[in-house]
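The values are calculated or read from the model by the stated rules, or taken from the named source; none is laboratory data. Predicted model only: the values in this text are computed from it and were never measured. Counting neighbours? That spans all protein chains shown, and the Cβs are built from the backbone with ideal geometry, glycine included.
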Number of protein chains: 4
Amino acid sequence: MKRPLEPSAEGRGRVVGITDGVFAIALTLIVLEIRVPAHETVHSERELITAITALAPRFLTYALSFLTLTIFWFGQQAQHGLIAKSDRRLATLNLCFLGFIALLPFSTDLLADFLEFRTAVLAYWFNLLMLGLTLLASWRYADKNGFLAEGVDAETTRTVYLRIIKAQILWAVGAALCLISPLLSVGFILVVQLIYAAAPRAPLLRKVIG
Amino acid sequence: MKRPLEPSAEGRGRVVGITDGVFAIALTLIVLEIRVPAHETVHSERELITAITALAPRFLTYALSFLTLTIFWFGQQAQHGLIAKSDRRLATLNLCFLGFIALLPFSTDLLADFLEFRTAVLAYWFNLLMLGLTLLASWRYADKNGFLAEGVDAETTRTVYLRIIKAQILWAVGAALCLISPLLSVGFILVVQLIYAAAPRAPLLRKVIG
Amino acid sequence: MKRPLEPSAEGRGRVVGITDGVFAIALTLIVLEIRVPAHETVHSERELITAITALAPRFLTYALSFLTLTIFWFGQQAQHGLIAKSDRRLATLNLCFLGFIALLPFSTDLLADFLEFRTAVLAYWFNLLMLGLTLLASWRYADKNGFLAEGVDAETTRTVYLRIIKAQILWAVGAALCLISPLLSVGFILVVQLIYAAAPRAPLLRKVIG
Amino acid sequence: MKRPLEPSAEGRGRVVGITDGVFAIALTLIVLEIRVPAHETVHSERELITAITALAPRFLTYALSFLTLTIFWFGQQAQHGLIAKSDRRLATLNLCFLGFIALLPFSTDLLADFLEFRTAVLAYWFNLLMLGLTLLASWRYADKNGFLAEGVDAETTRTVYLRIIKAQILWAVGAALCLISPLLSVGFILVVQLIYAAAPRAPLLRKVIG
């Protein structure tokens, strides 16, 4: 007999659909904060170059959030590739994760506008933290409720946990650096994201980032 | 012989595609109303914290609408998981449902701007009501026209009806509370959404929310 | 041997994906033109009701464009359900169609702002015309190049042509009515869209709209 | 044994999903820069026609970016149709490509606002260049790592390389023309895009564009 919202492969497919949608929109929205210079303030090629150069912090935060979205898109995908089916609670956890992905354009914009403020860096870090926590919660839920795919052994399960936690430790270190200087903090986090996004094969780095 | 827009599994797939798209966009758009404080008005960390704290009502309505979208995404999915095929009319009913999903960012914004006004609460409730009515209409249509999947028995069919109606009664009670205070009304609806989203297993609660 | 962009079922799937995406975004964007009243101008429940009532033309054009999008989503779907594969040119024609779907939020906004101007009505009608022409062109191309699915007979092929042309005639009549009054024009087109969206079974109406 | 993010067909499907999403949003966002004339400045049909005519440069850049998106959507699709599976790095390269697709609405807006400035033309060209480079890098990566589908021979592989390079040469010529006049530059690039989008069968043209 069929009942509404039983754990199913279709439910899993819907989660994938809405996830890719939210990521695609977030990827495009973070660009909207890079605003074209007002026409009235520009009268020569030189002034236009100056105006575009002045957008540098926005391109920086765009790159940062682009990398962040990339990393979490893979994080979500790595998990879902190992999950065979999804029930309502697992989907809810995934939606909470998406709720914080949807908040990223706001955090990015705040950071771009207040790059020299610790509060803005901490708000951005808080967003990263919540993304990690929701990802951790959904992996734990899938693990405890037997939703993992066949052939996922204990070591792989542990690797997924470890990766999330290692990344959070690195970001927490980055956030703590804002006690010295907010820009240093952003720089550190940017380097971390670059390493994750590039997924290097160097054994030492692989050990650190899991 | 093939004719345009006959009831088909492909038609059902297209409805799923556009539905997940509209939900993904609505989830992301409701964040856009949380606007970063103007740079000119902020000169210290303390002022930035104050400015972010002042955004609290917007985070509240964001959470509210995020939960609402979550609940209706599941509502739509619960139905569609029980429907085997879709014809043009069923798809039209689904699009009407999506039309009111698309209106939710507007209702949310209105509520955030006028949280102390009964009219804003009632407009938000009206949006919830129309979402329920279009969902009810499409379930009724699928039920009467034999589009339900095999193995969907009379009890399951009744459960789907009951869930929609029970939620509407709770929201109507919430809306009526705005006679006492609009904020009480919003608080009540928020608690209802939280319970639905968390999908608790407590038998008493399960009986109330179906 | 595999060559890039040969006519294939996958190409057809990609067209469906981007089509549903553009429609989902257009459906949500047309709402963004309904702007929440400014907080400064509203001091009482009565003033808020007045301010919301003043948005009526925007709700009208929202409803109109929502119906238009519905109708063309079905139009595109009716065609694609009868097309077995897609090559680059057919996909290009479909993208041109999507280009005019993407313009609809602009035409809608123009109409809402200048409801009493003939020029705005004609611009809206021009958008409808281009949507019909691109749909017609892609059907003709699929028909002439043997991309139609098996089991699509000559009568069905003709029905698809006729439906597009009949709708265009009705909209042209509607547009011509703006010589008398732009609002009459909009009202007429709105009624036409309502009839199409409802897809009534009355034999006389069915004959007119194909 | 299952490991996270192994090269797989599902990974490939996710890349397609997010790609179509980003393209759909970019297609719709480039329209948002065509802004409806302010109501206060328009008092007659004639003034409305004048105001719409004044939007001509925006319609021009819309058409240009629409064609650019079309061409790169096909470019990405031509590649992915020949790629059997995707690992994390290939997906990252694809996301970088999408990062520059997401920047296109910005470049388009800059161009529309500063059509007479060389800097704006060069910024637009730089965007085209980065799109080509990321596409080239992902094709090279798939080629070197054995991710190409069976039946993709050396000639086809070479054709894909050549097409990307030929298009870049044509755009570089177009960009260089801005030394004479920025508008000539835009005109040249527009004609190149039109030829690519139309995919003509004329043997001479086919030889030039690959």
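Below is a table of values for the structure above.
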item: Residues satisfying the stated conditions in the stretch A:36-55, i.e. at pLDDT below 90 and either under 23 Å from the mean Cα position of the chain (by Cα) or not in a loop (DSSP other than H, G, I, E, B) (or both); result: A:HIS39, A:GLU40, A:THR41
item: Single residue of D:ALA149, D:ALA137 found to be surrounded by fewer than 20 Cβ atoms within 10 Å (Cβ to Cβ), under 18 Å from D:ALA84 (Cβ atoms) and in contact (Cβ under 8 Å) with a residue 12 or more places away in the chain; result: D:ALA149
item: Residue within the stretch C:158-172 that is small (Gly, Ala, Ser), out of contact with any Leu (no Cβ under 8 Å at 6 or more places or on another chain) and outside any helix (DSSP H, G or I) present; result: no
item: Among the candidates B:THR159, B:THR119, B:THR108, B:THR134, residue that is touching a Gly at 6+ places or on another chain (Cβ under 7 Å) and either within 21 Å of C:LEU60 (Cβ to Cβ) or of a type in the set (S, T, N, Q) (or both); result: B:THR159
item: Unmet requirement for C:LEU170, which otherwise passes all of (1) closer than 20 Å to C:GLY132 by Cα; (2) of a type outside the set (Lys, Arg); (3) modelled with pLDDT under 90; result: (3)
item: Among (1) touching a residue at least 24 places away in the same chain (Cβ under 8 Å); (2) of a type outside the set (S, T, N, Q); (3) within 12 Å of chain D (Cβ to nearest Cβ) - the single one A:PRO182 does not satisfy; result: (3)
item: Residues of the stretch C:123-161 satisfying the condition of being over 20 Å from C:ASN94 (Cβ atoms) and touching a helix residue (DSSP H, G or I) at 6+ places or on another chain (Cβ under 6 Å); result: C:ALA123, C:TYR124, C:TRP125
item: Residue in the stretch A:84-97 that is modelled with the lowest pLDDT, counting only those that are more than 9 Å from chain B (Cβ to nearest Cβ) and under 20 Å from A:GLY21 (Cβ atoms); result: A:SER86
item: A:ILE30 vs. criteria touching a Ser or Thr at 6+ places or on another chain (Cβ under 9 Å), at pLDDT 90 or above, assigned to a helix (DSSP H, G or I) and of a type in the set (Val, Ile, Thr); result: no
item: Residue within the stretch B:44-52 that is in contact (Cβ under 8 Å) with a residue 40 or more places away in the chain and either of a type in the set (A, V, I, L, M, F, W, C) or over 21 Å from B:ALA176 (Cα atoms) (or both) present; result: no
item: From the options B:GLY187, B:GLY99, B:GLY151, residue that is more than 27 Å from B:LEU27 (Cβ to Cβ) and among the small types (Gly, Ala, Ser); result: B:GLY151
item: Filtered residues of the stretch A:93-109 (kept if in contact (Cβ under 8 Å) with a residue 24 or more places away in the chain and among the hydrophobic types (A, V, I, L, M, F, W, C)); result: A:LEU93, A:LEU95, A:CYS96, A:PHE97, A:LEU98, A:PHE100, A:ILE101, A:ALA102, A:LEU103, A:LEU104
item: Within the stretch B:81-90, tally of residues that are in a helix (DSSP H, G or I) and buried (at least 22 other Cβ atoms within 10 Å of the Cβ); result: 1
item: Criterion (within 27 Å of D:TYR196 (Cβ to Cβ) and not aliphatic (A, V, I, L, M)) met by exactly one of C:THR53, C:THR19; result: C:THR19
item: Answer from B:ALA112, B:ALA78, B:ALA142, B:ALA120 - the residue that is closer than 15 Å to B:GLY11 by Cα, assigned to a helix (DSSP H, G or I) and touching a residue at least 60 places away in the same chain (Cβ under 8 Å); result: B:ALA142
item: A:VAL152 vs. criteria within 14 Å of another protein chain (Cβ to nearest Cβ) and in contact with a Lys or Arg (Cβ under 6 Å, 6 or more places away or on another chain); result: yes
item: Condition check for A:VAL31: away from chain B (no Cβ under 11 Å), within 20 Å of D:LEU98 (Cβ to Cβ) and out of contact with any Lys or Arg (no Cβ under 8 Å at 6 or more places or on another chain); result: yes
item: Filtered residues of the stretch A:98-131 (kept if among the hydroxyl-bearing types (Ser, Thr, Tyr) and within 8 Å of chain B (Cβ to nearest Cβ)); result: A:THR119
item: Where A:ALA198 falls short, out of the listed (1) surrounded by fewer than 21 Cβ atoms within 10 Å (Cβ to Cβ); (2) within 13 Å of chain D (Cβ to nearest Cβ); (3) within 30 Å of B:ALA198 (Cα to Cα); result: (3)
item: Test result for D:THR70, within 9 Å of chain C (Cβ to nearest Cβ) and either free of Cβ contacts under 8 Å to residues at least 60 places away in the same chain or buried (at least 21 other Cβ atoms within 10 Å of the Cβ) (or both); result: yes
